[in-house]
Amino acid sequence: MSLANAEFSLGAEDALLLFRDLEEYVVSLDRILSRLVAGADPAILADYPVDRRVAARPARARGTVGDALEAVIGAEALEDIAEGVFRYSGP
């Protein structure tokens, strides 16, 4: 199914939570990466995700957006999309 013209609904409260999280991640990661380039201790990159629960919050966002998309494209199509994305697997 083509998603080019598909529309789905996302409540204002959900959109606000997503925007706040994305704003934090974009700005914070930019600042962390700038500090790393300037010679900061790389531990700051590990500390941030732990301190700010970065793993749990995008998982919540994925569920919110996934539910909205699933209502439009169906569970099977959403699963196919999920299976096709890059996944870090280590060195």
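The values are calculated or read from the model by the stated rules, or taken from the named source; none is laboratory data. Quick caveat, the model's predicted, so the values are computed rather than measured. Here the Cβ is made from the backbone with ideal geometry for all residues, glycine too, and neighbour counts use every protein chain on show. Side chains are part of the model used for accessible areas, which takes the heavy atoms of the whole protein and leaves out ligands, DNA and RNA. Shrake-Rupley method; radii C 1.70, N 1.55, O 1.52, S 1.80 Å.
Results, tabulated for the structure shown:
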| read-out | value |
| --- | --- |
| Pairs, first within 26 Å of A61 (Cβ to Cβ) in segment 23-43, second β-branched (V, I, T) and open to solvent by less than 100 Å² (accessible area, probe 1.4 Å), C-beta under 7 Å, six or more apart | I32/I44; R35/I44 |
| Lone qualifier among I32, I44 - being touching a Lys or Arg at 6+ places or on another chain (Cβ under 9 Å) and among the β-branched types (V, I, T) | I44 |
| Residue count, segment 1-24 (criterion: farther than 30 Å from E76 by Cβ and open to solvent by less than 50 Å² (accessible area, probe 1.4 Å)) | 1 |
| Subset of segment 59-76 [small (G, A, S) and over 19 Å from the mean Cα position of the chain (by Cα)] | A71, G74, A75 |
